[in-house]
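Student: Quick one: this structure, given as structure tokens, is what I'll be asking you about.
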Amino acid sequence: MKCARLFRPLVVIAIAVACAPVQSVLHAAGGPGTAAVAANSMPLKVDRLDPSIEQLIPASAVLERVATGFKWLEGPVWADDSLYFADIPGNSIRKWTPGKGVTTLLTPSGYKGSTPYGGPESGSNGMTLDPHGRLTVAGHAQRDVYRLESLQPGSPITILADTYQGMRLNSPNDLVYRSDGSLYFTDPPYGLRTQQDNDPEKQLKVNGVYRIPNALAQKPGATPARADLQLLSSDLPRPNGIAFSPDEKYLYVNNSEPKKIWMRYRVMPDGTLTEGKVICDATSDARPGGPDGMKVDTLGNIYSAGPGGVWILSPEGKHLGTIVMPERTANVAWGGADHKTLYITASSSIYRVHLKVAGAPLTRSR
């Protein structure tokens, strides 16, 4: 694997901490929140590759599983003291609240046909918040980007983007707002039935990174400004996770396959991208998982799903360490009152770990 700088051989350190189990109502096969299963705490395993990781992860940190019983979870975002997340195979957006368990906010969240979807990922995917606290969603199998006008069940929905130059989007995957009110998103084919470039329903030849210039200003229920949608990059075969540096000078976009890489682009004053550069390459790492959803902390460090768990990179792409996860990892989100709790969505479960540094806010004001 190659990142911004060479690092010493990987060493796994297990931090064993005695901790009483945390009780929580979890999601099980019978439906959201139907099984009272005790969440468990486990020793946090960390590949510590650089001394600076000690400034980020407490020596006493533990990994807590707070909900389980799913198949593939994505899109975590913290709002109103709860964690919202996408249950992709369940075609739903769920809500987990400490002490209350899991409820359903929206179903279906993606595909709305009357017949079985016929693909593995029928639901929505990545989510974020706009400055007004509205949940913005990568529709994935619905092949659009939409916004919920409130966090209440039955909220009106506004479509922000669904086509580019008259052709349907592939399956928007992840998204992030910029302080000028524009919205950036990735559009690989993972939400299509075959997840391949030759899928018969795929209309666009590219798997792009896009920008909606005035997404924040779009009025509730208004038609998308389809002619304004900008294709910023088409050089990645499977663009996936996306995040801004805290100062918004750079946009990070990772690519899941065939190369497992993290890219950094310089953001121009008009919102376009330039100077695309590979800052980390994990292609040679054969552990389960690849570059996927990511966020940044207030220091500019990147926390991204990757091979084996959550990769922590410096702003320049140096691999500082990996939080080793017990199952394949999809995405992360900052939460809690101090914004220092990292929530992690994985194959079947939601985990969390308390860190020393706070996450950068999802939205910024100019």
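Please treat every number below as a calculation from the coordinates, not as lab data. The shown structure was predicted, so the numbers you read here are calculated from the model rather than taken from an experiment. For neighbour counting, all protein chains shown are included, and Cβ atoms are generated from backbone atoms with ideal geometry for every residue, glycine included.
Student: Restricting the count to DSSP beta bridges whose residues both fall in the range 125-236, what percent are antiparallel, rounded to a multiple of 5?
Tutor: Numbers: 22 of 22 bridges.
Roughly 100 percent of the beta bridges in the range 125-236 run antiparallel, per DSSP.
Student: Something else now. Can you work out ³J(HN,Hα) from phi for every residue in the range 304-317, in order, using Karplus 6.51 cos²θ - 1.76 cosθ + 1.60 and θ = phi - 60°, giving whole Hz and x for Gly and Pro?
Tutor: Going residue by residue, I get 9, 4, x, x, x, x, 9, 7, 10, 10, 6, x, 8, x Hz, with x marking Gly and Pro.
Student: Taking only Cα atoms and a 10 Å spring cutoff, compute GNM fluctuations for the chain and point out the largest among ALA141, ALA161, ALA222.
Tutor: Sorting by GNM fluctuation, first place goes to ALA222.
Student: Taking square-rooted eigenvalues a ≥ b ≥ c of the alpha carbon gyration tensor, is the range 191-249 rounded, prolate or oblate, where a/c under 1.5 means rounded and, failing that, a/b exceeding b/c means prolate?
Tutor: Values: a/c = 2.28, a/b = 1.30, b/c = 1.75.
Note, shape of the range 191-249 comes out oblate.
Student: Roughly how many nanometres apart are two label points built 7 Å out from the Cα toward the Cβ at GLU54 and ARG168?
Tutor: Distance between the two pseudo-spin positions: 5.5 nm.
Student: Quick one: net charge around GLY101, please, counting Lys, Arg +1 and Asp, Glu -1 for every other residue with C-beta under 12 Å from its C-beta.
Tutor: Numbers: positive: ARG94, LYS95, LYS100; negative: none.
In short, +3.
Student: A follow-up question, please. Within the range 57-93, list the residues whose amide N lies under 14 Å from a label point set 7 Å along Cα→Cβ of ASP199.
Tutor: 89, by backbone N distance to the label point.
Student: List, in order, the whole-Hz ³J(HN,Hα) value for each residue of the range 119-129 obtained from phi through the Karplus relation with A = 6.51, B = -1.76, C = 1.60 and θ = phi - 60°; use x for Gly and Pro.
Tutor: Values, residue by residue: x, x, 10, 7, x, 7, 10, x, 9, 8, 10 Hz.
Student: Report the Cα centroid-to-centroid distance between the range 52-76 and the range 119-176 in angstrom, as an integer.
Tutor: 25 Å
Student: A follow-up question, please. Specify which labelled value, from (1) 29, 25, 19; (2) 32, 28, 17; (3) 48, 21, 20, agrees with semi-axes √(5λ) of the Cα gyration tensor in Å derived from the coordinates of the model shown.
Tutor: Read-out taken from this structure: (1).
Student: Just to check I understand the Karplus step: with θ = phi - 60° and J = 6.51 cos²θ - 1.76 cosθ + 1.60, what whole-Hz values come out for the range 265-275, glycine and proline as x?
Tutor: Each residue's phi maps through the Karplus curve to give 10, 7, 8, 7, x, 8, x, 6, 10, 8, 6 Hz.
Student: I've got another one for you. List the residues whose amide H sits under 5 Å from the amide H of GLY309, counting only those 5 or more places along or on another chain, with H placed 1.01 Å from N in the peptide plane.
Tutor: MET325, THR329
Student: Please give the net charge around ASN207, taking every other residue with its beta carbon less than 12 angstrom from that of ASN207, where Lys and Arg add +1 and Asp and Glu add -1.
Tutor: -2
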